[in-house]
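What follows is a single structure, written as structure tokens, with notes after it.
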Amino acid sequence: MNRTFAVKAIALTIWGLLLFSPFLFQEVRQVEVAARIAVFIVLVASYDLLIGYTGIVSFAHTMFFGFGAYGVAIAMKQGDNTWGFWILGTLAGVLVAAVVAVLIGLLSLRVKAIFFAMITLAAASVALVLASQLSGLTGGEDGITYRSPDVFKSANKLLTDEEGKVLRIAGVRMNGKIAAYYFVFFTCALMFWMMLRIVGSPLGTVLKAIRENEARTEGIGYRVVAYRTAVFVIAATTAALAGAVYATWLKYTGPDTTLSFAIMIDILLMVVIGGMGTMWGAAIGATLMVLAQYYLRDLMEVAAAATEAIPLLPVLLSPDRWLLWLGIIFILLVYFFPAGIAGTIIRGRKS
Amino acid sequence: MTHPSLSTRDLTIRFGGHTAVNAVTCDFRPGELTVIVGPNGAGKTTYFNMISGQLTPSTGTVEKDGIDLTRMPASQRARHGVGRAFQLTNLFPKLSVLENIRLAVQAQAGEGRRFFTPVAKLTELTARAERYLEATKLADKAELPAAALPHGDQRKLEVALLMAMEPDIYMFDEPTAGMSLDHAPDVLDLIAEIKHDHTKTVLLVEHKMDVVRQLADRIIVLHNGELIADGDPGEVMSSQVVKDVYLGNAGELA
């Protein structure tokens, strides 16, 4: 019990830091990182519903993420940057995600896990090809740049002082940028909370039961294929919503930010590092991974400069080799935390 | 005589050229405990699998209270009141003992689709699950993962899981297999209790003759996939055909 508490404390600390991050970390890049962490926590948590809780291996999670992002992007670009078009684009993206998830689920969740994984891989490849081919609509490889709703514009004064200038609280301008950040934060926190409710509900126990013993789950009266399809749809629509939120924040949507397999691999790494089937681990995994992607290079630059006088070390620590070090860190994490960070803290190293 | 609650008609399954169960026609009635005996490979478990839905027969039908179950998936049969415990322990190893039982309780209560209410708030489900844990003397192990239980307790949990489904048809496949002598009576007492309810239909595959004598109202004998004897325990056990079958198979019934 105390171990679970420790994991929750770490994850809640992360959420707490995210809540205050515009005040704690005021650089543009830092706010960028904080928003990305919030979105990826949701993305990874929704993937954990599949892989960690139900034992479904899917490679199409970025495709659903992309549906939501492109939904908003296309609506904003083709229509206007109003909330009406935002809602339209989000709903369209979520609807497409739900329909595609139902189709993939009903057609192929009956088959063996490996075939299902292959089918999701094929679907994700098709989505990626479509995004680059339908360049009239999607902007192709270049993606789409658009404006988000006016309330999020930097020039928008959320709060003003007596002179009519934008109010500063603790040195932070209360402008559209801060509104955009808190839009991202609260929608992501809400989605994360909803997923916690799902895994803590009777449905959550059924999902774990399917992972543990599919045949017996069916035997005591649960239609496994229906439950699998349902969780696949829940995960897909959540990913699509996360995509819509991220697209609103970035004001740019392209294959590299939403659809690429590189992101799919990131999600897999995050869920493994955090701990599969723990939900809270998603917060830990996503945070560590995003921080490493943004700051490992900087850290190595400092380290290389500090070791300048020593032979060989500066070469090894050169920022160009950051991926090598990321790989080493990943191997060490898996070695010392075989069940992921959250999983290993909760269950101990033996299991 | 009461109406049969469960019937199989000409139930047959072939695997390639091999007929594992051949045209078994049999009725089972509420309040009756039928023991199915037969040498290894006689088709007892295969027969069970076709009734509970793990296998679909090649020909023939399975009916419960007039409803044709033959093509239904196992989950739907379970909801129609056909419950099955397995020969090899078949639990949810990483879930706690309580969670194992609660799964069956919430399936029976039709609550498995609730996706937003915390489990902790559904106290009624937990209370029902705890009753089954007490009945099977597992209450003090409720929080342990099922995999951590000793074999005897896992067998008990298997029975508790079946009881928690509250079925009309109870199917036990060698419930005491591999259990030590001091644990087996617990499980047998539970089965006797179900039997004394007089409204439940109980099917039991069992090798141990003392168990058969203690519980059986009726015995049917399967041999090479065919039903070769059916009747009162004393009558069946002393019949020549049964003796032949078992003597030809190293006298397992000795």
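The values are calculated or read from the model by the stated rules, or taken from the named source; none is laboratory data. Treat the numbers as computed from the prediction; the structure is a model and nothing was measured. With ideal geometry, Cβ positions are generated from the backbone for all residues, glycine too; neighbour counts draw on all protein chains shown.
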By my count, helices (runs of 4 or more DSSP H) wholly in the stretch B:111-199 with at least 2 residues that are loosely packed, with under 14 Cβ neighbours inside 10 Å and more than 14 Å from chain A (Cβ to nearest Cβ) are B:123-135, B:184-196
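Scan the stretch B:91-101 residue by residue and report those that are facing another protein chain (nearest Cβ under 9 Å) and either assigned to a loop (DSSP other than H, G, I, E, B) or among the small types (Gly, Ala, Ser) (or both).
Answer for the stretch B:91-101, where residues must be facing another protein chain (nearest Cβ under 9 Å) and either assigned to a loop (DSSP other than H, G, I, E, B) or among the small types (Gly, Ala, Ser) (or both): B:91, B:92, B:93, B:94, B:95.
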Exactly one of A:50, A:107, A:103 is of a type in the set (A, V, I, L, M, F, W, C), part of a helix (DSSP H, G or I) and within 20 Å of the chain's Cα centre (by Cα), and that residue is A:50
Of the conditions (1) in contact with a Lys or Arg (Cβ under 6 Å, 6 or more places away or on another chain); (2) buried (at least 19 other Cβ atoms within 10 Å of the Cβ), the single one that residue A:61 does not satisfy is (1)
In the stretch A:60-74, residues that are in a helix (DSSP H, G or I) and over 14 Å from residue A:252 (Cβ atoms) total 8
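Answer yes or no as to whether residue B:46 is β-branched (Val, Ile, Thr) and touching a Ser or Thr at 6+ places or on another chain (Cβ under 9 Å).
Details: β-branched (Val, Ile, Thr): yes; touching a Ser or Thr at 6+ places or on another chain (Cβ under 9 Å): no.
For residue B:46, the condition - β-branched (Val, Ile, Thr) and touching a Ser or Thr at 6+ places or on another chain (Cβ under 9 Å) - is not met.
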From the option list A:94, A:126, A:151, A:111, single residue qualifying as surrounded by fewer than 20 Cβ atoms within 10 Å (Cβ to Cβ) and modelled with pLDDT of 95 or more is A:126
Quiz item: Within the stretch B:102-110, is there a residue that is surrounded by fewer than 23 Cβ atoms within 10 Å (Cβ to Cβ) and more than 10 Å from chain A (Cβ to nearest Cβ)?
Solution: no
The condition from (1) free of Cβ contacts under 8 Å to residues at least 12 places away in the same chain; (2) within 21 Å of residue A:68 (Cα to Cα); (3) touching a Lys or Arg at 6+ places or on another chain (Cβ under 8 Å) that residue A:251 misses is numbered (1)
Exactly one of A:166, A:129, A:151, A:206 is under 30 Å from residue B:95 (Cα atoms), free of Cβ contacts under 8 Å to residues at least 60 places away in the same chain and not polar (S, T, N, Q), and that residue is A:206
### Task
Inspect all residues belonging to the stretch A:16-37 and state whether any of them is more than 28 Å from residue A:295 (Cα to Cα) and out of contact with any strand residue (DSSP E or B) (no Cβ under 7 Å at 6 or more places or on another chain).
no
Practice prompt. Check whether at least one residue in the stretch A:57-65 is touching a residue at least 12 places away in the same chain (Cβ under 8 Å) and more than 16 Å from the chain's Cα centre (by Cα), and report yes or no.
Written response: yes
A careful count of residues in the stretch B:63-90 that are touching a residue at least 40 places away in the same chain (Cβ under 8 Å) and within 7 Å of chain A (Cβ to nearest Cβ) gives 3
When restricted to B:12, B:25, B:8, the only residue of a type outside the set (Asp, Glu), modelled with pLDDT of 95 or more, out of contact with any Leu (no Cβ under 9 Å at 6 or more places or on another chain) and within 29 Å of residue B:238 (Cβ to Cβ) is B:8
Of those in the stretch B:23-53 that are surrounded by 18 or more Cβ atoms within 10 Å (Cβ to Cβ) and of a type in the set (S, T, N, Q), the residue farthest from residue B:70 (Cα to Cα) is B:34
Could you go through the stretch A:96-108 and let me know if any residue there is touching a Gly at 6+ places or on another chain (Cβ under 9 Å) and touching a residue at least 12 places away in the same chain (Cβ under 8 Å). yes
